[in-house]
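Participant: One structure follows; several queries about it will come next.
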Amino acid sequence: MINMRLDDGVAIVTLEHGKANALDLEFCEALAVLFGELRGNADIKAVVLTGQDNGKAKMFSAGVDLKRLSAGGADYVREFLPRLHQLYDAVFFCPKPVVAAVNGHAIAGGAVLAACADRRVMARYSGRVGITELQVGVPLPALAFEIVRTVVPPNYLAEFALGAGTYASDDALIKGWIDEVVDGWELMPRAIRLARTYAALSPEAFAQTKAQIRQPASERLALSGAATDEKVIAIWTQEATLARIADYVAKTLKRA
């Protein structure tokens with residue numbers, strides 16, 4: 001499900017959950033627990049997060065496992081969304097440097113997971129990035145939306161959220177989803193170099209500066225996050241929404 005190796009103080013975390021690294025209940029919980037452990041490990045100075053290379057279609061993460069969600073229905077949604085929040089919270093608010101090495105598609109919840117990192121490096125021509133939730137008929141949960149709002153340029157936020165499109169690597173760089181694009185062979189070396197650069201800084205100063213960058217998101221969540229998520233859960237669990245998701249799965253995912 002997750003592979004982790006230590007490279008001279010840098011934890012290289014590789015997502016290995018099926019072909020698509022789709023986010024389900026157990027995967028979210030396992031990844032959140034791992035980041036909690038990395039946070040408390042003094043030997044870990046920085047983290048690189050990437051997807052597995054299965055030799056075929058490259059995938060960072062395809063986002064929420066819609067097949068599992070559709071099969072589980074409203075009860076599964078109510079159990080899953082808090083675990084998704086737990087995952088994003090663990091990565092986005094990790095006080096240590098986190099670099100996303102985006103080796104393939106980062107779609108919907110997978111794009112949000114990449115956005116949790118401090119820097120995002122993507123392999124050229126490897127895939128697409130974007131939040132496609134409205135294509136499925138669901139809004140982003142409160143924390144997921146605040147993560148996107150923190151990371152992307154404000155002038156593109158409405159396009160990304162309402163347009164629900166995806167962007168190839170070079171367009172993703174131009175529009176701010178990605179910070180750097182490199183050739184595939186250079187992805188991991190570049191991500192590790194970035195992680196080491198951040199790891200060489202004062203840990204206390206880095207953590208405080210990162211907290212200040214994320215402070216507006218924290219304040220908005222404290223003010224209205226619970227109320228927003230109550231509305232979000234109500235929409236996700238509606239019969240009409242679940243029917244729309246089932247239809248999307250039947251037409252799109254099964255064909256793929």
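Every number in this text was worked out from the coordinates using simple rules, so none of it is lab data. All values derive from a computational prediction rather than experimental measurement. Because the Cβ atoms are built from the backbone with ideal geometry, glycine has one as well, and the counts that use them run over all protein chains shown.
Participant: Helix-derived [θ] at 222 nm for the chain: sum -39500 (n - 2.57) over DSSP H runs of at least 4, divide by residue count, nearest 500?
Facilitator: Calculated from helices alone, the mean residue ellipticity at 222 nm is -17500 deg cm²/dmol.
Participant: Could I ask something else about it? Counting other C-beta atoms within 10 Å, and keeping those with at most 11, which DSSP coil trypsin sites (Lys or Arg not before Pro) do you find in the range 14-60?
Facilitator: Passing both the DSSP loop test and the Cβ count: 19, 56.
Participant: Short version: ³J(HN,Hα) in whole Hz for each residue of the range 34-48, in order, from phi by Karplus 6.51 cos²θ - 1.76 cosθ + 1.60 (θ = phi - 60°), x for Gly and Pro, what are they?
Facilitator: Taking θ as phi minus 60°, the curve returns 4, 5, x, 5, 4, 4, x, 9, 5, 6, 8, 9, 7, 10, 10 Hz for the range 34-48.
Participant: Please work out how much length the chain gains when fully extended from residue 246 to residue 197, using 0.36 nm per residue of separation minus the C-alpha to C-alpha distance, in nm with one decimal.
Facilitator: 13.1 nm
Participant: Choose one answer from 144, 168, 106: the residue with the largest mean-square fluctuation in a GNM of the chain with alpha-carbon springs under 10 Å.
Facilitator: 168
Participant: Something else now. First measure r as the distance between the Cβ atoms of residue 207 and residue 29, then evaluate 1/(1 + (r/R0)^6) with R0 = 35 Å and state the FRET efficiency to the nearest 0.05.
Facilitator: Efficiency computed from Cβ-Cβ geometry: 0.90.
Participant: Tell me which of 66, 76, 172 sits at the most positive position along the dipole axis of the range 2-199, charges placed on C-beta atoms (Lys, Arg +1; Asp, Glu -1).
Facilitator: Going by the Cα projections, it comes out as 172.
Participant: Next question. I want to verify a result. In a Gaussian network model of the chain, Cα cutoff 10 Å, which of these has the top mean-square fluctuation: 176, 109, 127?
Facilitator: 176
Participant: Any idea what the relative contact order of the chain is, in percent, if you count C-alpha pairs under 8 Å spaced at least 6 apart?
Facilitator: Rounded, it is 21 percent for the chain.
Participant: So, one more: Just how far, in whole angstrom, is the range 162-212 from the range 3-41 if you go by their alpha carbon centroids?
Facilitator: 18
Participant: Set Lys and Arg Cβ to +1 and Asp and Glu Cβ to -1, take the dipole of the chain about its Cα centre, and tell me which of 9, 152, 202 lies farthest positive.
Facilitator: The one lying farthest along the dipole's positive direction is 152.
Participant: While we're on this one: Using θ = phi - 60° and the Karplus form 6.51 cos²θ - 1.76 cosθ + 1.60, what ³J(HN,Hα) does each residue of the range 126-142 get, whole Hz, x for Gly and Pro?
Facilitator: 8, x, 10, 10, x, 9, 9, 4, 5, 5, 8, x, 10, x, 5, x, 4
Participant: Now for a separate question. Contour minus end-to-end for residue 215 and residue 8, with contour as 0.36 nm per residue of separation and end-to-end as the Cα-Cα distance?
Facilitator: Between residue 215 and residue 8, full extension yields 71.5 nm more.
Participant: Still on this structure, please answer the following. Calculate how steeply helix 187-199 sits against the longest principal axis of the alpha-carbon atoms of the chain, using the helix alpha-carbon long axis, and give the answer as 0 to 90 degrees to the nearest 10.
Facilitator: The angle comes out at about 70 degrees.
Participant: How about residue 96: which aspartates and glutamates have a C-alpha closer than 13 Å to its C-alpha, ignoring those fewer than 8 places off in the same chain?
Facilitator: Those aspartates and glutamates meeting the cut-off are 37, 43, 118, 204.
Participant: On to the next question. Would you kindly derive the ³J(HN,Hα) couplings of the range 152-163 from the backbone phi angles with the Karplus curve 6.51 cos²θ - 1.76 cosθ + 1.60 (θ = phi - 60°), listing them in order in whole Hz, with x for Gly and Pro?
Facilitator: Going residue by residue, I get 7, x, x, 6, 10, 4, 5, 4, 5, 6, 8, x Hz, with x marking Gly and Pro.
Participant: Name the long-range amide H neighbours of residue 98: under 5 Å, sequence gap of 5 or more, or other chain; modelled H, no Pro or chain starts.
Facilitator: 47, 118, 119
Participant: Assuming 0.36 nm per residue, please report the length gained on full extension of the stretch residue 134 to residue 171 beyond their Cα-Cα distance.
Facilitator: Stretched fully, the residue 134-residue 171 segment lengthens by 11.3 nm.
Participant: Scan around residue 51 for amide H atoms under 5 Å from its own, H built in the peptide plane at 1.01 Å from N, and keep only partners 5 or more places away or cross-chain.
Facilitator: Placed amide hydrogens put 15, 103 under 5 Å from residue 51.
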